[in-house]
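The values are calculated or read from the model by the stated rules, or taken from the named source; none is laboratory data. Small disclaimer: the values here were computed from a predicted structure and weren't measured. Cβ atoms come from the backbone with ideal geometry, glycine included; neighbour counts cover every protein chain shown. Surface areas here come from the heavy atoms of the whole protein model, side chains and all, with no ligands, DNA or RNA. Shrake-Rupley method; radii C 1.70, N 1.55, O 1.52, S 1.80 Å.
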Amino acid sequence: MAQQEISVLGIKVRDITVTETAELIEKFVSERNKSHLIVTLGTEMVMASQKDSSLKELINNASLVCADGAGVVWGAKKAGLKIREKAAGVEILEEVVKRSSESKLKIFLLGAKPGTAEKAKENLKNKYPNCNIVGTFHGYFKEDLEAIEIIKKAKPDVIFTALGFPKQEKWYLSHAQELDIPVGMGVGGSFDVLSGNIARAPMWMRKLSLEWLYRLIKEPSRLGRMMSIPKFIFAVLFSKHDKKK
Ligand code: UDP
């Protein structure tokens, strides 16, 4: 069944679950007919796109935009689309990794501080011993020539880029063809979580959609960035044009 899409403050987002996203990634890889960017949308990205139309274009041209956060799910509901489940980047990544023992999809992890992607791979390998992570590289390169060499040799089908928005999406778009990688997805701070460097919020907070509060308590320096949340709420409440017709 085709999943529904809606526009929230001019940015498209789809009602798609974590499992459905993993299935779609496998379909894109098997078709291998173009490069597919997958965006995991947060409120901060929506707000940044209000001021910069090139970011809006970048997101709206992606093959798939998932709702990565309670804010976007709420915004979509206000605009008229009930999103069944939050599809967070970290969960999609883990699902694709888990399924890779069967699907044989070759996965590359690019980004985060030196050692972090490697540690994330190690933890994922412990959890899913037959998973198919074919390489990692950190995200603090001046020039990415070394990374490119390593990625070329690994020949991944999917690359998860953890370089922050929009660097991670732009990196994939500018290298996808040269490296012949059918799917790329930006995953923000996911490797920090999967490596154990940053803990995820406890389940009860996640269930109450309070993951943002947990991150704020752990990293108070994020307060400035998080001001995008109230701005997003106001913008959605006062927007007329995104409502379903
Ligand atoms: N990062 C990187 N290279 C850079 C800038 C950032 O590898 O030049 C990494 C950073 O270490 C972190 C991730 O990108 O692991 C982005 O984290 P952030 O907290 O911004 O992402 P969010 O989860 O908020 O989208």
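Anisotropy class assigned to segment 163-227 is prolate, per the alpha carbon gyration tensor with a/c at or over the 1.5 cut-off and a/b larger than b/c. Surface exposure of segment 87-245, expressed per residue as accessible area with a 1.4 Å probe, stands at 54 Å².
Summed over qualifying helices (DSSP H, 4 residues or more, each -39500 (n - 2.57)) and divided by its residue number, the chain shows a 222 nm mean residue ellipticity of -14500 deg cm²/dmol. Once C-alpha pairs closer than 8 Å and six or more residues apart are averaged by separation and normalised to the residue number of the chain, the relative contact order reads 24 percent. Computed about its Cα centre, the charge dipole of segment 47-144 is approximately 300 debye, with only Lys, Arg, Asp and Glu carrying charge at their Cβ. The share of C-alpha pairs in the chain whose separation exceeds 23 Å stands at 48 percent. Rounded to the nearest whole angstrom, the semi-axes of the ellipsoid equivalent to segment 107-245, taken from the Cα gyration tensor as √(5λ), stand at 30, 21, 15, largest first. Only the Cβ atoms of Lys and Arg (+1) and of Asp and Glu (-1) were treated as charged; on that basis the dipole of the chain about its Cα centre amounts to roughly 780 debye. DSSP beta bridges fully contained in the chain are about 15 percent antiparallel. Dividing the Cα radius of gyration of segment 59-139 by 2.2 N^0.38 Å, with N the residue count, gives 1.32. Between Ser239 and Ile198, the simple spin-label model (points 7 angstrom out along Cα→Cβ) gives 2.5 nm. Take 114-120, 150-156, 198-204 and order them by the average number of nearby Cβ atoms within 10 Å per residue, most first; the result is 114-120, 150-156, 198-204.
For the chain, the fraction of 1.4 Å probe accessible surface lying on carbon and sulfur atoms is 55 percent. Helix 116-127 and the longest principal axis of the C-alpha atoms of the chain enclose an angle of approximately 80°. Highest mean packing first, where packing is the average number of other Cβ atoms within 10 Å per residue, the peptides 185-192, 103-110 line up as 185-192, 103-110. For Val183, nonlocal amide neighbours, meaning residues 5 or more places apart or on other chains whose placed amide H falls under 5 Å from its own, are His36, Ile159. Placing R0 at 22 angstrom, the Cβ-Cβ distance between Glu178 and Lys104 gives a FRET efficiency of 0.40 after rounding to 0.05. Under 16 Å from the 7 Å Cα→Cβ point of Ile148, by amide nitrogen: which residues of segment 161-176? Residues 170-176 qualify, since their backbone N sits under 16 Å from the label point.
Compactness ratio of segment 1-130: Cα Rg over 2.2 N^0.38 Å, N = residue count?
Working: Rg = 15.6 Å, N = 130, 2.2 N^0.38 = 14.0 Å.
Dividing the Cα radius of gyration by 2.2 N^0.38 Å gives 1.12.
Using Cβ point charges alone (K and R +1, D and E -1), the dipole size of segment 130-197 about the Cα centre works out to roughly 40 debye.
Inter-label distance, Thr19 to Tyr128: 1.5 nm, where each label sits 7 Å from its Cα along the C-beta direction. Heavy-atom accessible area, probed at 1.4 angstrom with all protein chains present, ranks His36, His138 as His138, His36, highest first.
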